Each structure stands twice: as C-alpha cells, then as structure tokens.
Amino acid sequence: SESEASNGSFDAYLDAVHPNDRERVISEIRGAIQKRALFQADYRVQSPSGGYRSVIARGKPEYDSEGKVLRLPGVVIDVTRQKQIEAALTASQERYRTLFNSIDEGFCLIEVLFDQEDKPIDYRFLETNPAFEKHTGLSNAEGRTIKQLSPVQETHWLDIYGRVALTGEPIHSINKSSSLDRWYEVRALRFGDAENRQVAILFNDITDRKNIDDNLHRAVADLAEANRRQTEFLATLAHELRNPLAPIRTGLEVMRMSAGKPETLSRVQDMMQRQVSAMTRLIDDLLDIARINSGKLVLQKEVIDLKAVIANAVETTLPHIEAAQHALIQDIPAEALPVYADAVRMTQVFGNLLTNAAKYTPANGRITLSVVRQGRQVDVTISDTGIGIPAASLNKVFDMFTQVGRHSDVAQGGLGIGLSLVRQLVQMHGGTVSVSSLGSGHGSSFTVQLPLQEDAVSAHARKIISSPIETKGSAYRILVADDNRDAAEILTVLLQMQGHVTQTVYDGDQALRAAADFHPDIAFLDIGMPGTDGLQTARNMRKTPGMEDIVLVALTGWATEEDRARSHAAGFNYHLAKPVSIESLNALLANPLQFTDS
C-alpha cells in the first residue's frame, strides 16, 4: 500500500534485489498490479551472510473496495541449488555440443528398425554431426533411413548395429562400405535402454590410411620378391659364367697336351669360340639392360625392310634350331615392310624370341614364324610346340630375371633377362610384345607389333658418305697397349699371323714413347690402363706432331654410349668393346678409315 511504501518497506524489499535484476522485478510487479494478474519472477537477492541467492517469487495483489492495491502477499522460494545444477547442465551441454560439432570423427545416433522376428531391416538417423556428411557424403540424413539414403547398403552393417542394439555389447571394427567405396573404422554402443533400440556410432573414414597401408604391404612384398629374384639371379649368373669357363679352361689344357695334332686343336678351338660367343652374348644382354634402365641406350634408326631383319635373325639362330632338329615354318608376305628401326636391335629382338622357341621346345618340335600386315602396322608372331607357360606365369614372363621354363623339368639355363630386353627394345621402337599359351605342354606364341613407316625413303635416316676414302694395303704397323699382358700378347699374336708388324707395351707412357719411335699406322689402346689411362694417352698422341693421322682404336670393357662419346672426344677413331670378335677386327683392318664401330 502507499502507506507501506512510504514507510520504506517496499524500498527495503527492492534494496535486497540484485541491482542487475531490480528494474525487471519492479516492472513485473507493476504489470501484475495493473493487470490484476499473478506476479511471478525469478531473480537474485542478497543473503544476510553475503553474496546472492537465486529465488522464485510468486504472489497476487490485494485491492480495497475502491480498487487500490493494499498489499502483495506471496512466497519466495530459494532455488539457488537448482540454478547451480541447471547452469552446470547447460555448460555441460554446451561443451558436448561444441565437441560434437568440432570433432573430425563422424558421429550419428540411430534407431535400429527390426521386423517381427527381431531381425534388423533398416535404421533411422536421429542425430548427426557436421563431420558425418564429410565422411559419408550423405546430407540431410536426420529423420531418414539408410535404405532411403543408400538403397544398396550392405547387410553386414545392419547385422552389426542390430546386435549392439539387442545385446548392449559395444563393437570396434574396420569394414568397407562397398556402396560408398570407402573404408571405415567404427565404434558403436547402445544408447539408453534396450527398448529404445538406439545405437551411438563414432566412425572415421580411413580409406587413405588403408590405401597407404595396402601400398606399403605391397611394396614390402615387392621388395622381398625383388630381393629373392636378385639373389636367384646372382646365383644363376655365377652358374652361367662358370659353364663356359669350365670347357675353356679344359680346352686350354687339351691344347697344351695336343701339340702337333691339328684335328684336336681345331675341335678345341671351335668349342672355345662357341663358349666365348655365349659369354659375350650374356654380357652384352646385361649391358643392354643396364643401358636401357639408365636411359643411355641410343637407337641407330633408319628406314629398313623388316623382312631383311627377320632373315638375319633366322640366319643367326638357325644352327640352334637345326641342332634340336626342329622344323621351322615361315609365312612371310612378298611385299616390302618398311619400318623405322635400329636393324641391329630388332635382329636382337627376333633372335632372342627364336632362340627361346628353340631352347624351350623338345627335340623334333615345330617353330612357326608368321608375318601379317595389319593396316599401318605389322605383326610378327613366333609360335612353338614347346613346354608352354602356365596361366599364372603369363604376366611375369617379361619381368627381369624370370625364366620361361623354370616351372618345368627342362633345365635350359639363362639369366631370365632375354624377354625383358625384348619388351624394352620393342617399346623403344613404339611397338608392343605379347605372349599367349594354353598352358604347360601346349607351346607358346610371342607377337611383336610394330608401326610401319609409310615413307620408305627418309633422308634423315640415312648415313651418307660424301666422298670415297683411299685405303692402304693389307699390312699395317700396329701398336698394342694393354696392362692385361695376356690380352695384349694374344692380340699381338693374332695380328702377326695376319701379316702385320706389331709392337706391344703395357701402359700409357710406354705407348706414347713407342708411338714416337715405331710410327704405327694403327694403335689399339686399352682405356683402363694404370697411370696414364687410354683416354689421356690418346689426347697426348693427338697433340704430338707426326701422330695426328694414327688410327686410334679404344679396346675396353666399358661400352655405353657415354663411354663411346668420351673415347671419341679424347681422339679415338673407334671404340671396340671387349672381347672383340674376329669379324669386327678383320672388318676394321680391311678398311681402317671407313670402319663402323656402332
């Protein structure tokens, strides 16, 4: 009432109200009086012990007969503890919501739907966090079922979540979603009572991690396989090198014991020549693989007739074919087949394939070589009636250190690099090579496919000699320099037997002094001599007056294109890789000024 207000009781009441709540409380009291309504408010009041307490006040104004307010009776309830609990709950919910929305893991709360036999048939999304869509690609999922969002969902997810909802046992699993083509790590536990059939799911998309792990496991397996094959290769290499060395060593002893028996010497020499040729081919294949892998193999391409290349390959391998009494059937068209290729390397390709066919075909077999023009390309197929290739090995035969016949009981030897070399050389010519076989005992077919060169005349693909070079007579003064005394002596003997005048030295300094006194026409210099090596010796000779016209020939075990470039830059005319064949040596001596060492 006004009298009560005037004596200060209302002011005293308001003084206890927290300053920040006072205006609101006054406004609500006045509103209740004016509207003759129930007064209800929550606010803070100062406690006698200090500090503030939270209260709820309820009351109803009373009026006199004239409608003036007399008093506002009511109750004040201390709700401080309740407010503290609510504040803590709100803070907890806020922390949960912040975590829920910010975690990288996907989260969803689902309700599992069962049929009458308690078999899970679907599940509905009740709640999801922002990461859910990022991990699944499913948007607006809340309120919808998984079959509505992804009709082809796998049943194993239903089984997993159904079991969790029924048993209450949490699970942790890694599974793939085929419909989403992703891998997930999933943790799921029942939420609430069993009757709710609700499951809370926390999951991560681990597809990238799974791919990395799988790639790592494959890499480890590949490394183990590569290590196994390398170990096997080294053992095979030792075996293949010892094989020809054994008869060569025995042959030397036979030659020593067979002095004066030309027939025996001839047989031994023929055998030794075959074994040395086999070793040379083996080493050449190894060097070719190394050059290709290092990008140092340079093809000498020109427009050639593929039929001539095939004829050379057949001529080279015919002794192997005839020795095994195989029938060779050729089906080659009469028309020219121009290709832009390195004739030597393509001869090597078809020679390797024919040699393999002869090697892996039991005696009295059949080898078929067919050539078919297919539009702007040509297919060369070499088939045999040999031991065949199991289906599981077909995609491996072109790998390094893989032997075609290793699966069989036929021990043919070899390093397992021939077919790898074939594939790489064919690819360098813009072609492809493939293999087919019906399995063990049913033979094999290798097909090389090459692009045809429609322009049969290509000026840039020809080597033109602008003017003839006059050659000397057949006898020369030849200087031999090699720190390997056996190699130097045997080459000297061979040159003397052909009528040449020779002088032999064993290092670079001796070679330079001998050249000044001996005045050779030709000098064979080993590059790897100690002290002054062959390269520096050649440079020194080219700088010495009177030695400018000596034909310098590098003899070396280094035979890459880079090695050839270095020797030519040092002043060598030719670069011959050891061991030098008698054919190459005779060709050089027949015309030292116009010899081709490529």
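The values are calculated or read from the model by the stated rules, or taken from the named source; none is laboratory data. These numbers come from a predicted model, not from an experiment. Because the Cβ atoms are built from the backbone with ideal geometry, glycine has one as well, and the counts that use them run over all protein chains shown. Surface areas here come from the heavy atoms of the whole protein model, side chains and all, with no ligands, DNA or RNA. Shrake-Rupley method; radii C 1.70, N 1.55, O 1.52, S 1.80 Å.
For the reader, a short list of remarks on this structure follows.
- Computed from the Cβ-Cβ distance with R0 of 25 Å, the FRET efficiency linking I292 to L494 stands at 0.15.
- Solvent exposure of the chain, expressed per residue, is 56 Å² of accessible area, with all protein chains present and a 1.4 angstrom probe.
- Chain lengthening between L252 and E105 when straightened (0.36 nm per residue, less Cα-Cα): 45.1 nm
- When each of the peptides 291-300, 117-126 is scored by the mean number of other C-beta atoms lying within 10 Å of its residues, the order from highest to lowest reads 117-126, 291-300.
- Accessible carbon and sulfur surface of the chain relative to its total accessible area, %, 1.4 Å: 52
- Span-like helix ranges in the chain, DSSP H, alpha carbon extent 20 angstrom or more, Kyte mean at least 0.5: 306-323
- Cα gyration tensor, the range 293-384 - rounded (a/c under 1.5), prolate or oblate: oblate
- Here r is the Cβ-Cβ distance between T155 and N20 and R0 is 60 Å; the resulting FRET efficiency, rounded to 0.05, is 0.50.
- Classification of the range 51-205 by its C-alpha gyration tensor yields a prolate form. The axis ratio a/c (a ≥ b ≥ c) is 1.5 or more, and a/b outweighs b/c.
- Where W183, W558 fall by accessible area, highest first, once all protein chains stay in place (1.4 Å): W558, W183
- For the set S420, S383, solvent exposure ranked by accessible area (probe 1.4 Å, protein chains only) runs largest to smallest as S383, S420.
- Accessible surface for M428 stands near 70 Å², nearest 10, in the context of the full protein assembly shown (1.4 Å probe).
- With R₀ set to 56 Å, the beta-carbon distance separating E94 from K119 gives a calculated FRET efficiency near 0.90.
- Cα-based reach from K60 at 16 Å (exclusive), listing aspartates and glutamates while leaving out same-chain residues under 8 positions away: E28, D42
- Length gained on full extension, S179 to R281: 31.2 nm, using 0.36 nm per residue less the C-alpha separation.
- Helix-derived mean residue ellipticity, 222 nm - over the chain, DSSP H n ≥ 4, -39500 (n - 2.57), to 500: -14000 deg cm²/dmol
- Expected-Rg normalisation [2.2 N^0.38 Å, Cα atoms] applied to the range 489-598: 0.98
- Counting only DSSP beta bridges whose two residues both lie in the chain, roughly 75 percent are antiparallel.
- Computed label-point distance, nm, for sites N484 and I77 using a 7 Å Cα→Cβ extension: 10.9
- Look at (1) 3, 11, 13, 13, 11, 9, 8, 6, 5, 5, 5, 5, 4, 2, 1, 0, 0; (2) 3, 14, 21, 23, 17, 12, 7, 3, 1, 0; (3) 3, 15, 25, 27, 20, 9, 2, 0: the one that is P(r) over Cα pairs in 10 Å bins from 0, in percent derived from this structure is (1).
- Filter on K359/K396; K296/K359; K301/K543; K134/K176 - keep pairs with C-alpha separation over 25 Å: K296/K359; K301/K543
- Label point distance in nm, L38-D222, each placed 7 Å from Cα along Cα→Cβ: 7.8
- Protection proxy ranking of 210-221, 355-366 - average other beta-carbon atoms within 10 Å, highest first: 355-366, 210-221
- DSSP-assigned coil residues among trypsin sites (Lys or Arg not before Pro) in the range 34-66, each with at most 13 further Cβ atoms within 10 Å: R36
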